[in-house]
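One structure is given below, encoded as structure tokens.
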There are 2 protein chains.
Amino acid sequence: MNSDYTQLTSAKRQELLAQLRSELDAYRQKGLKLDMSRGKPSKEQLDLSDGLLACFGRIATEKGAADYRNYGILDGVTELKAIFCDMLKISPSELIVAGNASLNLMYDAFQRAMQFGLLGNPPWNEQGKIKWLCPVPGYDRHFAVSELFGAEMINIKMTPEGPDMDAVEELVKDPSVKGIWCVPKYSNPQGIVYLDAVVRRFAALKPAAPDFRIFWDNAYMVHSLTEEGDVLLDLFAEAKRLGNEDIVYQFGSTSKITYAGAGVGFIVASERNIAEIKSRMTIQTIGPDKINQYAHALFFGNAEGIYRHMDKHRALLKPKFDAVDRILTDRLAGAGIAAWTKPRGGYFISVDLLPGTAKRTVALCKEAGVVFTGAGATYPYKKDPADANIRIAPSLPPVEELVTATEIFCTAAKIAALEVLEG
Amino acid sequence: MNSDYTQLTSAKRQELLAQLRSELDAYRQKGLKLDMSRGKPSKEQLDLSDGLLACFGRIATEKGAADYRNYGILDGVTELKAIFCDMLKISPSELIVAGNASLNLMYDAFQRAMQFGLLGNPPWNEQGKIKWLCPVPGYDRHFAVSELFGAEMINIKMTPEGPDMDAVEELVKDPSVKGIWCVPKYSNPQGIVYLDAVVRRFAALKPAAPDFRIFWDNAYMVHSLTEEGDVLLDLFAEAKRLGNEDIVYQFGSTSKITYAGAGVGFIVASERNIAEIKSRMTIQTIGPDKINQYAHALFFGNAEGIYRHMDKHRALLKPKFDAVDRILTDRLAGAGIAAWTKPRGGYFISVDLLPGTAKRTVALCKEAGVVFTGAGATYPYKKDPADANIRIAPSLPPVEELVTATEIFCTAAKIAALEVLEG
């Protein structure tokens with residue numbers, strides 16, 4: 001157990017600081033180059049999908065697949081749609097399977113709303129300044145999209161149950177509030193699974209804006225770190241039950257199932273929404289890469305194939321999350337300067353440090369050769385009002401590097417905290 | 001040689017009409033279902049690239065390629081960029097290699113100009129009604145993009161040398177004219193190769209709009225039907241020589257080199273333009289499907305590999321173009337009711353029928369079981385003012401079907417002409 005840093009005498013703090021600084025210096029002299037900045041799968045995880053590459057070789061001789069080499073089919077190949085429909089409990093008319101990136105689908109959905117408007121409503125471009133709800137901490141690439149399109153981003157506090165729904169319900173009374181980013185299962189970066197009650201409140205949401213959309217980025221739907229997994233209530237089904245299904249755009253991809261750079265992205269929405277999206281998408285493209293889609297269908301076989309594949313990812317990821325948690329516990333528990341999440345899935349651990357120390361901690365880590373996601377990145381405009389949150393991405397480095405990087409992180413966090421406490 | 005329909009007596013026309021109608025009726029009774037509507041590669045052409053599928057299998061063991069399975073690299077893999085740079089005589093900083101569709105790149109380029117503006121100029125969305133130059137006949141999917149974004153499309157007459165440059169130079173004096181669609185080599189649908197003088201005038205163009213762009217869709221750059229091929233003057237190089245390189249966005253893809261549905265698209269532009277595009281693209285996506293890109297690099301080997309591969313396409317396509325031309329000549333030459341192009345490359349033959357007979361001809365063909373591209377499709381808003389132009393796409397059907405379809409086309413065109421001449 002660590003002593004509580006906030007209760008130490010100044011003399012003791014000075015002593016500790018000197019000791020920690022020399023510790024960091026020792027790391028610095030090792031000339032490390034470690035990258036903990038992004039939620040990238042490791043080489044071993046990517047290797048799990050190399051069977052996919054062999055599936056490409058089978059396509060030329062697979063009955064019916066030959067036509068997939070040609071133009072056409074805007075919403076994806078039948079075989080992969082069937083697998084996703086089974087996994088998502090939807091019908092093919094509610095699904096578009098597209099290119100390699102769900103981020104691209106989200107950006108394009110945002111762009112079309114800006115340019116053309118949604119279901120008969122005026123383009124967002126013509127509705128004055130629009131606003132967007134951003135649960136924080138959250139995913140920097142989401143915030144970058146809404147920022148690029150000039151939306152005013154409003155922070156929504158994340159609770160352990162999901163976004164603060166009282167705030168959401170209050171804010172959507174403003175018709176210039178057009179949407180919200182959500183990563184509802186194993187949220188980025190905290191790993192929170194939205195409670196059923198939260199999902200139900202989303203499903204029943206009645207925003208003043210008729211063209212409000214929940215951007216439901218279900219990026220980690222099958223990415224559990226436990227064997228039993230978590231069950232997220234199905235927002236689309238709930239909204240449908242209430243006749244409110246037009247409010248949802250659900251996104252997902254196989255980026256962290258097969259290859260991060262060459263997976264398959266998809267969007268789930270009501271038939272009305274899908275028809276509108278397709279009517280515009282058909283001007284943008286003749287169709288997606290159906291060869292990659294079909295290879296995925298061959299590789300998975302069926303929805304069960306996806307779940308079994310994810311078991312293998314879990315076996316590789318779980319020890320890494322455990323290692324980080326173990327070191328954080330060893331070195332920071334009880335010190336009163338850090339709290340962190342213990343996610344049951346997803347790709348990140350979220351750490352809240354002593355306010356005012358996140359930037360300094362990341363800078364100290366960088367000096368010692370370890371790159372973390374920039375402090376503030378988990379907030380809109382990269383502005384963490386408390387300068388406290390840091391996202392740890394344990395997936396990429398080998399465990400040994402992960403251990404070193406996390407140790408350095410703890411040392412840096414302690415130094416930054418002591419500096420602030422000393423004033 | 002056919003008799004000149006415009007010189008026949010009415011009695012002779014009536015006799016011919018009866019004969020042609022019974023001819024068409026005979027076709028109708030065969031219950032044919034032929035599709036000549038789109039420029040799709042044939043099965044045999046697609047088979048030429050099945051070696052590509054085997055290249056995927058090699059990726060897992062190729063040195064350095066393993067990282068391509070992960071996130072990153074916004075502008076494409078080094079190896080394929082190198083091959084395209086060699087083919088296009090450009091440097092890697094002037095190139096982005098992206099997803100499977102150059103159409104998507106054109107749409108996105110248009111969208112970014114609408115939403116964000118180009119090189120410091122205001123978004124097109126904020127500049128009132130914009131106008132766009134459309135050489136006609138042209139490519140329907142181009143026109144669909146500018147129409148979707150609400151641009152007012154202005155027809156520019158195509159000459160055998162390229163677009164009417166006097167008209168272009170005059171019209172770009174209007175600052176609301178923001179761009180032009182061009183398929184400069186083996187143009188869609190006429191197969192025209194822009195003369196050097198035309199390309200030079202494009203390179204030297206000084207539009208009133210500082211944010212004017214030539215959308216140079218070099219879709220058929222290596223798609224010759226002759227062994228020697230045609231040489232298109234390099235617009236980008238010419239523009240660069242004049243310090244005018246920001247005016248060009250050049251597009252291309254391997255859609256008609258490898259697979260129409262699963263090729264690789266690219267954009268060539270000045271470093272300033274590329275930097276701007278990347279600054280926005282990096283919000284839209286983490287990167288393209290690099291696995292497909294790398295498989296293409298393995299498959300081609302080098303630029304020479306692309307040229308040798310195109311020889312095989314030519315061997316399959318040339319007989320089809322010849323067959324269509326032979327039948328058109330046999331059945332329509334001298335009749336005074338049709339003129340058509342004899343392209344040395346590309347995917348189409350353009351036929352100009354007697355004014356007022358194109359729609360009727362396509363309708364008659366449809367009755368007889370042959371689908372042609374809708375009359376008017378080669379014009380903005382699908383409005384061919386003369387109702388004369390029809391695009392024939394010889395690539396997809398087997399020669400036997402092609403012969404039947406073209407014969408039916410000739411019969412239909414004659415009926416439509418005689419109906420009009422009879423008044």
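The values are calculated or read from the model by the stated rules, or taken from the named source; none is laboratory data. Just so we're clear, the structure is a prediction, and the values are computed from it rather than from any experiment. No Cβ is skipped: glycine too gets one built from the backbone with ideal geometry, and neighbour counts run over all protein chains shown.
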### Query
Is it true that some residue in segment A:364-384 is aliphatic (A, V, I, L, M) and closer than 24 Å to A:P135 by Cα?
yes
### Query
Only one of B:G99, B:G57, B:G72 is part of a helix (DSSP H, G or I) and either within 10 Å of another protein chain (Cβ to nearest Cβ) or among the hydroxyl-bearing types (S, T, Y) (or both); which?
B:G57
### Task
Identify, by number, the condition in (1) within 13 Å of chain B (Cβ to nearest Cβ); (2) within 17 Å of A:A275 (Cα to Cα); (3) at pLDDT 95 or above that A:L119 doesn't meet.
(1)
### Task
Would you be able to say whether some residue in segment B:152-163 is in a strand (DSSP E or B) and polar (S, T, N, Q)?
yes
### Query
Taking into account only those residues within segment A:237-248 that are in contact with a Ser or Thr (Cβ under 8 Å, 6 or more places away or on another chain) and closer than 19 Å to A:A109 by Cα, which is surrounded by the most Cβ atoms within 10 Å (Cβ to Cβ)?
A:V248
### Task
Report whether or not B:Y347 is closer than 30 Å to B:A262 by Cα, within 14 Å of chain A (Cβ to nearest Cβ), among the aromatic types (F, W, Y) and under 25 Å from the mean Cα position of the chain (by Cα).
yes
### Message
Would you confirm whether or not segment B:124-147 contains a residue that is more than 14 Å from chain A (Cβ to nearest Cβ), assigned to a helix (DSSP H, G or I) and more than 25 Å from the chain's Cα centre (by Cα)?
### Response
no
### Query
Does any residue of segment A:240-259 turn out to be free of Cβ contacts under 8 Å to residues at least 40 places away in the same chain and either out of contact with any helix residue (DSSP H, G or I) (no Cβ under 9 Å at 6 or more places or on another chain) or part of a loop (DSSP other than H, G, I, E, B) (or both)?
yes
### Query
Since B:A197 meets every condition but one in (1) out of contact with any helix residue (DSSP H, G or I) (no Cβ under 7 Å at 6 or more places or on another chain); (2) part of a loop (DSSP other than H, G, I, E, B); (3) touching a residue at least 24 places away in the same chain (Cβ under 8 Å); (4) not charged (D, E, K, R), which condition does it not meet?
(2)
### Query
Among B:A413, B:A386, B:A405, B:A335, which is the only one that is over 29 Å from B:A315 (Cα atoms) and buried (at least 22 other Cβ atoms within 10 Å of the Cβ)?
B:A413
### Query
In this structure, does B:V168 turn out to be under 23 Å from B:A109 (Cα atoms), assigned to a helix (DSSP H, G or I) and either within 18 Å of the chain's Cα centre (by Cα) or at pLDDT below 95 (or both)?
no
### Message
Quick check on this structure: which one of B:I291, B:I274, B:I283 is over 30 Å from B:Q45 (Cα atoms) and within 14 Å of chain A (Cβ to nearest Cβ)?
### Response
B:I283
### Query
Name the residues in segment B:50-78 that are in contact (Cβ under 8 Å) with a residue 24 or more places away in the chain and farther than 20 Å from B:K256 by Cα, would you?
B:R58, B:I59, B:E62, B:A65, B:Y68, B:R69, B:Y71, B:G72, B:I73, B:L74, B:D75, B:V77
### Task
Can you run down the residue pairs with Cβ atoms below 6 Å, 6 or more apart or on separate chains, where the first is in segment B:153-182 and surrounded by fewer than 15 Cβ atoms within 10 Å (Cβ to Cβ) and the partner is in a helix (DSSP H, G or I)?
B:E161/B:V198
### Query
If you go through segment A:42-55 one residue at a time, do you hit one that is polar (S, T, N, Q), buried (at least 19 other Cβ atoms within 10 Å of the Cβ), within 28 Å of B:I73 (Cα to Cα) and touching a Gly at 6+ places or on another chain (Cβ under 8 Å)?
no
